[in-house]
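The values are calculated or read from the model by the stated rules, or taken from the named source; none is laboratory data. Please read these numbers as outputs of a predicted model, since none were measured by experiment. Cβ sites come from the backbone with ideal geometry, for glycine too, and all protein chains shown count toward neighbours. Protein only, heavy atoms only, side chains kept; ligands, DNA and RNA dropped before computing areas. Shrake-Rupley method; radii C 1.70, N 1.55, O 1.52, S 1.80 Å.
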2 protein chains.
Amino acid sequence: MSDTPLPRAERRRRTERRILDAARALFAEVGFERTTIRAVARTAEVDPALVMQYFGSKQELFRRAAQVAPPPEAGLDADELVEHLLGTLDRKIGDLPQGSLAMMRSMLTHPEAAASAREVLGRQIDRLAESIPGEDARLRAALMTVIMLGVTVGHQLLELDELRAVPQEEIARLLRPSLRALASPEAS
Amino acid sequence: MSDTPLPRAERRRRTERRILDAARALFAEVGFERTTIRAVARTAEVDPALVMQYFGSKQELFRRAAQVAPPPEAGLDADELVEHLLGTLDRKIGDLPQGSLAMMRSMLTHPEAAASAREVLGRQIDRLAESIPGEDARLRAALMTVIMLGVTVGHQLLELDELRAVPQEEIARLLRPSLRALASPEAS
DNA sequence: TCGTTGAGTCAACGGGCGTTGAGCGAATTG
DNA sequence: CAATTCGCTCAACGCCCGTTGACTCAACGA
């Protein structure tokens with residue numbers, strides 16, 4: 001068997017990664033307060049003291065683990081914007097979204113997560129508002145944003161059967177007119 | 001001064017109420033995990049042991065404090081339904097809504113709160129679906145529900161400036177077409 | 001080969017938590 | 001007025017948490 005004992009630096013990197021992965025999964029699953037350093041360490045098969053040694057504090061570990069997806073780029077028209085938002089719906093698995101879930105899971109109870117969520121949503125609102133005409137662009141942008149927030153919370157965090165039972169395209173199809181109504185102001 | 005020493009039963013009732021009010025406020029503000037029996041007792045100006053004596057456990061205290069608003073009645077048509085939903089937007093202050101906030105604040109991190117939220121939202125989806133024609137009524141109802149959820153979370157819990165800055169009627173006005181698009185299926 | 005580094009462990013700390021049981025003293029009851 | 005009830009407090013319990021400092025030992029560099 002290939003038992004090259006692995007160089008020290010590589011071992012270190014892998015261990016840190018394992019801790020970060022474990023933290024991400026736990027933060028995403030049960031949120032900041034119910035995730036313990038001890039549980040993270042156990043999952044990563046490591047001593048709790050090592051988690052502290054690498055990340056300094058639980059708060060800092062959370063900061064490193066809970067990363068959020070970047071907001072959409074500027075310079076889209078209203079329809080492109082809607083499609084971009086709907087496109088974000090399907091990112092369920094993988095690395096970055098797991099971090100986003102951790103952030104969202106904790107945003108109602110952990111102050112720092114709330115601050116971060118506000119900042120990210122604020123940036124998304126800014127981007128959206130640039131592409132929406134009219135006086136109340138910011139409010140419309142905010143509503144589009146919280147609509148997506150609600151769908152995500154209901155789907156990913158509360159795991160509502162009604163949303164989980166159908167493919168993402170079906171949700172996107174039904175949601176499209178609602179978002180369009182907000183993206184392009186006109187007589188209804 | 002009127003120093004009628006208050007009958008025992010009355011004192012008891014008032015104390016229990018004070019505890020319940022304190023619990024509601026704290027659960028609504030920081031959620032289940034960060035709310036401590038000791039803090040509730042301090043706020044209600046009472047000994048922590050008394051809270052236990054009256055409510056048995058922190059979990060049971062939460063159950064009593066975090067009550068949710070009843071779902072809409074059945075038998076409305078689509079437009080009435082939309083108006084009913086929009087009407088629920090303004091309940092910011094008062095007693096029952098404080099309980100709802102407590103529930104919502106904790107639903108992403110406290111399992112029992114999550115279960116309760118799922119149940120309440122499920123009932124609301126049921127009610128809405130009854131009044132919506134078409135094959136995908138339940139999915140449409142679910143989307144209307146999570147849209148309102150998103151607005152409420154953004155407004156009441158995350159306290160997004162963009163939503164707090166405008167009167168509730170303005171939000172209702174902009175949201176109405178989006179909800180109508182889901183409530184009454186037709187070619188867009 | 002041998003001293004040095006550094007990844008990883010171990011045992012313990014101080015503190016806050018939910019919870020409990022004994023007790024006090026004023027309102028109630030006969 | 002004596003006996004009893006009961007609202008309420010006090011002091012403590014065991015537990016788990018985040019965090020720390022001393023330690024072990026294999027990989028490394030000279």
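Just a few scattered comments:
- Across B:Ala28, B:Ala69, B:Ala102, mean-square fluctuation computed from a Gaussian network of chain B (C-alpha pairs under 10 Å connected) peaks at B:Ala69.
- Trypsin sites (Lys or Arg not before Pro) within segment A:99-188: DSSP coil, no more than 11 neighbouring Cβ in 10 Å: none
- Qualifying GluC sites (Glu not before Pro) in segment B:80-188, where qualification requires a DSSP coil assignment and no more than 13 other C-beta atoms within 10 Å, comprise B:Glu135, B:Glu159, B:Glu186.
- Kirkwood estimate for chain B, i.e. one over the average of 1/r between Cα atoms, Å: 18.4 Å
- Distances between copies at B:Arg118, taken between label points 7 Å from Cα along the C-beta direction, are 3.1 nm in increasing order.
- Mean ellipticity per residue at 222 nm, deg cm²/dmol - from DSSP H runs of n ≥ 4 across the protein assembly as shown, formula -39500 (n - 2.57): -21500 deg cm²/dmol
- Taking a sphere under 9 Å around the Cβ of A:Gly122 and counting the other residues whose Cβ falls inside, with K and R at +1 and D and E at -1, yields a net charge of -2.
- For B:Arg13, inter-copy label distances in nm, listed shortest first [label point 7 Å out on the Cα-Cβ vector]: 7.1
- Potential extension, A:Leu50-A:Asp77 segment - 0.36 nm per residue separation minus Cα distance: 4.8 nm
- Taking B:Leu143, B:Leu76, B:Leu158 in turn, the Gaussian network model of chain B (Cα-Cα springs below 10 Å) assigns the largest fluctuation to B:Leu158.
- Starting from the label point of A:Ser184 at 7 Å along Cα→Cβ, the same points in the other copies fall at 2.1 nm, in ascending order.
- Each chain gives up part of its surface: B and A jointly bury about 3900 Å² of accessible area, both sides summed, for a 1.4 Å probe.
- Chain B, closest residue to the rotation axis toward A, by beta-carbon, whole angstrom: B:Gly150, 1
- Accessible area per residue was computed with a 1.4 Å probe on protein heavy atoms; B:Asp47 scores about 100 Å².
- Between segment B:129-188 and segment A:29-79, the Cα center-to-center distance that results, in Å: 31 Å
- Among B:Leu20, B:Val51, B:Ala9 - extreme Cα towards positive end, dipole of segment B:8-65, charges at beta-carbon: B:Ala9
- Accessible-area ranking of B:Asp79, A:Asp136, largest first, probe 1.4 Å: B:Asp79, A:Asp136
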